[in-house]
Amino acid sequence: MVMIKDIIKNSEFVKINGNVIDLGYKNGWDFRVGIRETFNELKQYEVLDSKNSINLGRCINEYTCIIDDGTERYLLAYKVDSGD
């Protein structure tokens, strides 16, 4: 099985800050080839009941979940601007 570190190492769209994997704004994913596939690969490692969403104001919401492949644990995050 592919490990999380291999997925994020091979993706140009992933920003890592400590144990947070930031995929940026979902609104822009249509313009970045491969980001949806990266997201879908990472979501396979989602820990049950770890989803969370926070309203950051100005129509921006941040969605997070914990992903864990048995060796490493990360917080997967992305934002959606519903004002677009």
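The values are calculated or read from the model by the stated rules, or taken from the named source; none is laboratory data. It should be emphasised that the depicted structure is a prediction, and the values quoted were computed from it without experimental measurement. Cβ placement follows ideal geometry from the backbone for every residue including glycine, while neighbour counts extend to all protein chains displayed. Side chains are part of the model used for accessible areas, which takes the heavy atoms of the whole protein and leaves out ligands, DNA and RNA. Shrake-Rupley method; radii C 1.70, N 1.55, O 1.52, S 1.80 Å.
The modelled label-to-label distance for the pair LYS15/PHE31, using points 7 Å beyond Cα in the direction of Cβ, is 1.5 nm. Does anything in segment 40-55 have its amide N under 15 Å from the 7 Å Cα→Cβ label point of ASP6, and if so which residues? Once the point is set 7 Å along Cα→Cβ of ASP6, 41-42, 44-45 turn out to lie under 15 Å by backbone N, inside segment 40-55.
Please give every one of the lysines within straight-line cross-link reach of LYS51, meaning a C-alpha to C-alpha distance under 19 Å, and leave out same-chain neighbours fewer than 8 residues apart. Excluding near neighbours in sequence, the set is LYS26, LYS43, LYS79. Computed over neighbours whose Cβ is under 10 Å from that of GLU62, the net charge equals 0, Lys and Arg +1, Asp and Glu -1. Taking Cβ atoms as reference points and 12 Å as the exclusive limit, the residues near GLN44 contribute a net charge of -4, counting Lys and Arg as +1 and Asp and Glu as -1. With θ taken as phi - 60° and the Karplus curve 6.51 cos²θ - 1.76 cosθ + 1.60 applied, the whole-hertz 3J(HN,Hα) list for segment 46-51 is 5, 7, 3, 6, 9, 5 Hz, x standing for glycine and proline.
Share of carbon and sulfur in the accessible area of the chain stands at 49%, probe radius 1.4 Å. At a probe radius of 1.4 angstrom, the accessible area of the chain per residue rounds to 66 square angstrom.
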